[in-house]
1. Quick check for you: which residues of region 74-113 have the amide N under 13 Å from the point 7 Å beyond the Cα of Glu48 toward its beta carbon?
2. Carbon and sulfur: what percent of region 1-130's accessible surface (1.4 Å probe)?
3. Which value, in Å², gives the accessible area per residue of region 1-111 when a 1.4 Å probe is used on the protein heavy atoms?
4. To the nearest 0.05, how large is the calculated FRET efficiency for Asp71 and Ala107 if R₀ is 25 Å and r is the Cβ-Cβ distance?
5. Between Glu126 and Glu159, what is the spin-label point distance in nm, taking each point 7 Å from the Cα along the Cα→C-beta axis?
6. Which length gain, in nm to one decimal place, applies between Asp114 and Asp151 when the Cα-Cα distance is subtracted from 0.36 nm times their residue separation?
7. If you average the sequence gap of Cα pairs under 8 Å that are 6 or more apart and divide by the length of region 12-116, what percent do you get for the contact order?
8. If a paramagnetic tag sat 7 Å from the Cα of Asp21 along the Cα-Cβ line, which residues of region 79-120 would have the backbone N under 15 Å from that point?
Amino acid sequence: MNDDAFWALIDELSRRPGDRDERLEWLREELIRRPAVESVAFQVFLEEACEAADTRALWTAADRVEGGCSDDGFHYFTLWLVGQGREVYESVLADPDTLADVPGVLALAGRHRDAWHDDEWPEWEELDYVAQDAFDELTGQEDDEGDEFLDAVEELAEERGEREEDEVLRGSRPEGLAIPRLTALFPLRSSGS
């Protein structure tokens, strides 16, 4: 699998009908049709895409939309962003304020977060597990707690020249990062809202 093959799967995933579970089942089945090494490569590309999205500017945008974003929540947000397809992903990485154009984000604007359905939240934790599920089924490794898969992912990532994770600046909301369209769609609310 190469970068284009990874994004072809993701683009098809983003266009599939059905809810997230149905779309993930389609992706799992697609990966099961391929050699197990393809599941490993898919996970490496997914992790690389999420790491590229792990920026201060995007954190600010996700925090605005979600009304607060934990470390895990931000990771799940980057998975959701990847799942929107290559065009949306690259556009948002170039300018996080373009999240204001994403239909799934627009559908949330003006609604209280308590009214958002689980499938509407711009987070997709389960996307992080589909490649391992396919790998485990293909190799019969369901009982090893993912060790063989994780070792294979680490090995392939090293082969691809992965560098150690850069320290990402987090904590308080960074000042001076302009996201005017998202700010208009998701104004700060008092704690009682």
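1. Backbone N within reach: none found.
2. 46 percent
3. Working: 4520 Å² over 111 residues.
For region 1-111, the solvent-accessible area averages 41 Å² per residue.
4. 0.45
5. Each label point lies 7 Å from its Cα, and together they span 3.1 nm.
6. So the extension gain works out to 9.4 nm.
7. So the answer I get is 25 percent.
8. Residues passing the 15 Å test: 118-120.
The values are calculated or read from the model by the stated rules, or taken from the named source; none is laboratory data. Fair warning: this is a prediction, and the values are worked out from it, not measured in the lab. Glycine gets a Cβ as well: all are built from the backbone with ideal geometry, and neighbour counts include every protein chain shown. These accessible areas exclude ligands, DNA and RNA; they are computed on the full protein's heavy atoms, side chains included. Shrake-Rupley method; radii C 1.70, N 1.55, O 1.52, S 1.80 Å.
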